[in-house]
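Data block below; observations after.
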Amino acid sequence: MSSSNIARLLLLAAIWGTSFMLMRIAAPVLGPMLTTFGRTSLATLALLAFARSRGVPLQWRRNWLPYLVIGIANTALPFSLFAWSALYIPSSYMATMNSLAPVFTALFGFLLLGERLTAIRMASFVLGLFGVGVLVGIGPMRVDAMVILAVLAGMGAALSYGFAATFTRMRGGGISPIAIAAGSQFAASLCLLPLALPGLPHALQAGTLASLLAVLVLGVVCTGLAYALFFQLISTEGATRAITVTFLIPVFASLWAWLLLDEPVTVGTVAGIAIVLLATATALRAKPAPPRVPGKTSA
């Protein structure tokens with residue numbers, strides 16, 4: 001990887017690592033749904049402008065279904081789950097759950113694409129769950145029902161990302177990645193609008209400058225700019241190298257939260273993150289076995 005792309009990778013990890021801290025600032029004040037809607041709406045404006053500057057056609061009539069499914073699975077649902085999780089668990093926990101996405105992608109490759117799960121990929125799934133258990137069990141948070149539910153919500157977000165990645169492979173092959181980003185963000189915003197409106201009166205009364213700035217940065221920088229950087233990395237270095245940003249996000253998320261929100265980083269935090277990242281690395285490096293061919297048996 002070139003030095004300029006290494007710099008882009010580090011910048012992208014730093015930006016995406018910040019998003020969990022910003023949700024911790026905005027969601028308790030504005031509510032999870034309004035925070036998510038504000039983020040996706042601002043990201044839509046930024047990505048539509050970026051797509052137009054690059055001359056990328058969106059072809060709404062032709063691509064509305066992929067935009068809708070990817071918008072829900074890759075944006076509306078996981079963003080909302082993480083925003084709700086931000087009410088109860090630290091940034092490091094959320095970023096660690098986020099790192100499970102490649103593990104769940106392998107699972108959906110088996111379920112939807114017929115890819116056979118190798119022993120290594122199954123081991124990565126078990127190892128990832130073990131890492132989550134270590135993080136929750138000996139991490140800095142006192143475990144109660146809401147913490148457990150918030151961790152499960154974060155895992156649900158990673159599960160949704162895994163489905164979205166697999167669906168994109170199935171139905172998004174002929175669509176520009178920039179078009180998918182812009183179109184899916186727009187679809188996500190439309191889906192989130194009726195869920196966010198009930199929280200608007202409370203947000204108008206309770207909103208603070210810090211929470212509004214957090215949503216602004218979440219939308220324009222952590223989603224709009226970050227997607228543009230990510231797609232640029234994919235186009236120059238390939239998806240396999242670009243996805244290595246997954247390993248850096250929990251580090252930056254923990255660092256920003258420690259510096260700016262005074263969230264503790266303990267031995268349990270480091271151990272849980274390390275185990276989950278090992279599971280992610282295993283899932284990314286292990287090649288899926290070819291799908292079974294109907295009608296053929298082994299000798």
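The values are calculated or read from the model by the stated rules, or taken from the named source; none is laboratory data. Note that the coordinates shown come from a computational prediction; the quantities given were computed from them, not determined experimentally. Positions of Cβ are backbone-derived with ideal geometry, glycine not excepted, and every protein chain shown enters the neighbour counts. Quick note on the areas: whole protein, heavy atoms, side chains included, nothing else; ligands and nucleic acids left out. Shrake-Rupley method; radii C 1.70, N 1.55, O 1.52, S 1.80 Å.
Can you send over the carbon and sulfur percentage of the accessible area for the chain, probe radius 1.4 Å, protein chains only? Of all accessible area on the chain, carbon and sulfur atoms account for 71 percent.
If you model the range 4-68 as an ellipsoid using its alpha carbon gyration tensor, with each semi-axis the square root of five times an eigenvalue, the axes come out at 26, 21, 10 Å, biggest first. Given axes a ≥ b ≥ c from the Cα gyration tensor, I'd like to know whether the chain is rounded (a/c under 1.5), prolate (a/b larger than b/c) or oblate. Oblate is the answer for the chain, as a/c is 1.5 or above yet b/c matches or exceeds a/b. Counting heavy atoms of the protein chains alone, LEU229 has an accessible area of about 20 Å² for a 1.4 Å probe.
Here the label points at LEU212 and ALA119, each 7 Å from Cα along the C-beta direction, are separated by 6.0 nm in the simple model.
Taken one residue at a time, the phi angles of the range 124-133 give Karplus couplings (6.51, -1.76, 1.60, θ = phi - 60°) of 5, 5, 5, 5, x, 5, 5, x, 4, x Hz. Gly and Pro are set to x. With contributions of -39500 (n - 2.57) from each DSSP H run of at least four residues, the per-residue ellipticity at 222 nm computed over the chain stands at -25000 deg cm²/dmol.
Taken one residue at a time, the phi angles of the range 253-263 give Karplus couplings (6.51, -1.76, 1.60, θ = phi - 60°) of 4, 5, 5, 4, 5, 5, 6, 9, 10, 6, 6 Hz. Gly and Pro are set to x.
The heavy atoms of VAL132 present about 10 square angstrom of accessible area, all protein chains included, probe 1.4 Å. With all protein chains kept in place, the per residue accessible area of the chain amounts to 47 square angstrom at a probe of 1.4 angstrom.
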